[in-house]
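So the structure is just underneath, and the comments pick up after that.
The values are calculated or read from the model by the stated rules, or taken from the named source; none is laboratory data. Quick caveat, the model's predicted, so the values are computed rather than measured. Here the Cβ is made from the backbone with ideal geometry for all residues, glycine too, and neighbour counts use every protein chain on show. With ligands, DNA and RNA removed, areas are computed over all heavy atoms of the protein, side chains included. Shrake-Rupley method; radii C 1.70, N 1.55, O 1.52, S 1.80 Å.
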Amino acid sequence: MMSNFDDKLAQHISGISKEKQPERDLWRGIELGITSQQGDASQDDASSSTVTSKQWRAIAASVCLVTVLWFAAPFAFKADESRSDGYALIDAMSMQQQQQVNSLLASYESTTALTEDWQEQLKELDDAADVIKAALKDDPDNSALIKMLHHVYQQQIALIERVHAPKWQQI
């Protein structure tokens, strides 16, 4: 009797697939978990050298924009001689920021925001950027003001991404 049971058990075991397949694709969750951990690490440690793909794209776009401005600057300044050379960079930064904000808002259009007052916060950051840009009109080569403007722009992007983060990132 024991051998009959052993035979049936062995037959059943040999019929079972040796590879256990998950019920759903797990790689997407693993990948997002790794990405969010890298994002958290870079936010926690300002000296972290981990750069996400979004940041690489932003850096590459900035380099391209500065290169184009560098070569196109003589033509642009002939049309508007009243502006100083340094303020063209500020205009380009502002235009790039507006395009990036519009792109993010469009991509998160169907996602509900996690807070209600995020648009007020975004408006406050816009107002801060306007004040810095007004100061830059008087002193367009002031690197501290340019850094401040860049920081405000980064805060705007971070605010939009944080407010529209999917539920799985909120754990």
Scanning the range 94-119 residue by residue, those hydroxyl-bearing (S, T, Y) and either in a loop (DSSP other than H, G, I, E, B) or over 22 Å from L136 (Cβ atoms) (or both) turn out to be S103, S107, Y108, S110, T111, T112, T115
Of the listed residues (Y108, Y87), the one being hydroxyl-bearing (S, T, Y) and more than 17 Å from the chain's Cα centre (by Cα) is Y87
Over the range 113-148, the set of residues open to solvent by 100 Å² or more (accessible area, probe 1.4 Å), touching a residue at least 40 places away in the same chain (Cβ under 8 Å) and not basic (K, R) is D141
The residue that is farthest from Q154 (Cα to Cα), considering only those in the range 85-104 that are in contact (Cβ under 8 Å) with a residue 12 or more places away in the chain and open to solvent by 60 Å² or more (accessible area, probe 1.4 Å), is D85
